[in-house]
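Here the structure comes first, spelled out in structure tokens, and everything after it is commentary.
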Amino acid sequence: MATLLVGFDSAWTRTNSGALVGALLVDDGTFHDLGLPQIVDYPQAQAAILKWQAERVPMSTIIMLDQPTIVENPTGQRIVENIVGSTVSRRSGGMQPANTSREEMFGSDAPIWPFLKRFGGPANPLEPVGDTHVIETYPVLTLIALRWTLSDIRSKVRLPKYNPERRRTFLVSDWQWVCGLASSAFRERGLMGIVRWIEDAAAKTPPRKSDQDRLDSCLCLLVALFLVERKDCLMVGDGQTGYIVVPDCAELRAELVARCNQTGRPSSKWVRSFRWPTTEP
């Protein structure tokens, strides 16, 4: 039976759009893409996933979502953001805090909650329970985990500046850098429809913000590929206060463990390397 894999760079609010891309893992171990990355809001994303499920009848579905799926704190940061934030800022990036006072994103009427309810709620990545799994991921941390970073003039490692909406810092060369690496990753897995879209997007000078959203949906999908390939992945956080899943990386893991030690948290609880559990004997 097939497994449906979805990368969703979410819309965050009712008035915004994000991007969605899907692929199918079939019985012979090969991947098949399900069309080009598409711009969607939450209702459109839900409709697309349900359509894929109805047409392909997968045994299971993994939705890698770039938006917090567990937000219990009324103010400030989640613990996972406190752990990860220093690693991101060290590479000249920033991380938004998630809390329920941000009504449009995480208040009681935010669109994330009915979406999660429709697909069974936030999954526990360490347990294969249910036929649909919604798992939070974070493209920025994925870039760090995959070492898709660059060096600046001070020989410091930095994140690619590939968001065209930030005109003062955006670099076309960084956009092409991320596109090139992503294209290679999907080419290795035979997902040539996605490869062609990425290569076309890389040629845009400059790209639009919607192109970056679609590229980020591909990065979310890439984490799903790592999971079903049963490669080592990293879970930061926990199932009560929130977590993020990305590919594992010894250097990143060591940084996060050091951050836990610095903040008085037991690293074995908050930073865990794992492989996607299987129900097969």
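Where a number appears in this text, it was derived from the coordinates with a stated rule and is not lab data. On a predicted model such as this, the values are computed, not experimentally measured, just so you know. All Cβ positions, glycine included, derive from the backbone under ideal geometry; neighbour counts span all protein chains shown.
Taking a sphere under 15 Å around the Cβ of CYS260 and counting the other residues whose Cβ falls inside, with K and R at +1 and D and E at -1, yields a net charge of +3. For the peptides 17-24, 130-137, 186-193, residues were scored by their other Cβ atoms within 10 Å and the scores averaged per peptide; the highest-first order is 17-24, 130-137, 186-193. Rounded to the nearest 20 debye, the dipole magnitude of the chain is 940 debye, with +1 charges on Lys and Arg beta carbons, -1 on Asp and Glu beta carbons, and the Cα centre as origin. For the chain, the relative contact order works out to 23 percent when only alpha carbon pairs closer than 8 Å and six or more residues apart are counted. Counting other Cβ atoms within 10 Å as a rough exposure proxy, the listed residues SER183, SER217, SER92 run SER92, SER183, SER217 from fewest neighbours to most. When the Cα positions of LEU150, GLY120, VAL57 are compared along the charge dipole of the stretch 3-274, LEU150 comes out farthest toward the positive end, with charges on each C-beta of Lys, Arg, Asp and Glu.
Based on alpha carbons, the Rg and Dmax found for the stretch 1-158 are 17.0, 52 Å. For the chain, the ratio of Cα radius of gyration to the globular rule of thumb 2.2 N^0.38 Å stands at 0.95. Helix screen, the chain: DSSP H segments with Cα axial length of 20 Å or more and mean Kyte-Doolittle hydropathy at least 0.0 are 172-188, 209-228.
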